[in-house]
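Heads up, the thing below is written out as structure tokens.
The values are calculated or read from the model by the stated rules, or taken from the named source; none is laboratory data. Since the model is a prediction, treat every value here as computed from it, not as a measurement. Note: ideal-geometry Cβ built from the backbone for every residue, glycine included; neighbour counts use all protein chains shown. Ligands, DNA and RNA are excluded from the accessible area calculation, which covers all protein heavy atoms including side chains. Shrake-Rupley method; radii C 1.70, N 1.55, O 1.52, S 1.80 Å.
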Amino acid sequence: INGRGTELNEGGMCVFAGAELNVGDQVELEFTAPYAPQPLRIWAMVKNRYGYYYGLEFLTENAGEREEVERFRQVLRSATGNA
């Protein structure tokens, strides 16, 4: 399902998506950040919902997922000029 991120920080993001998700659902996000060589894939949990706007918290369960979230954070820092 395609969606549009409206807010973003290191711990999660808000997404508008035409899907019926419930608080507690887990979803896999995939998107290409600015200047990133490949798409980022991050698991997240729906923490809150208002209509089709979903507040998502990034999840990590193993070293590979923690590395992916850290890579995402580095991309965010680079994109915003916060090295």
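Being open to solvent by 90 Å² or more (accessible area, probe 1.4 Å), part of a strand (DSSP E or B) and not aromatic (Phe, Trp, Tyr) is true of Arg41. All conditions in (1) touching a helix residue (DSSP H, G or I) at 6+ places or on another chain (Cβ under 9 Å); (2) in a strand (DSSP E or B) hold for Pro34, with the sole exception of (2).
When Arg77 is tested against (1) at pLDDT 95 or above; (2) of a type in the set (D, E, K, R); (3) over 14 Å from the mean Cα position of the chain (by Cα), just one condition goes unmet, and that condition is (1). Across segment 51-67, which residue is nearest to Asn2 (Cα to Cα) among those that are loosely packed, with under 13 Cβ neighbours inside 10 Å and touching a strand residue (DSSP E or B) at 6+ places or on another chain (Cβ under 9 Å)? Residue satisfying both the conditions and the ranking: Gly51. Any idea which residue in segment 12-25 is farthest from Arg66 (Cα to Cα), counting only those that are exposed (fewer than 12 other Cβ atoms within 10 Å of the Cβ), in contact (Cβ under 8 Å) with a residue 12 or more places away in the chain and not hydrophobic (A, V, I, L, M, F, W, C)? Ranking the qualifying residues of segment 12-25, first place goes to Gly18.
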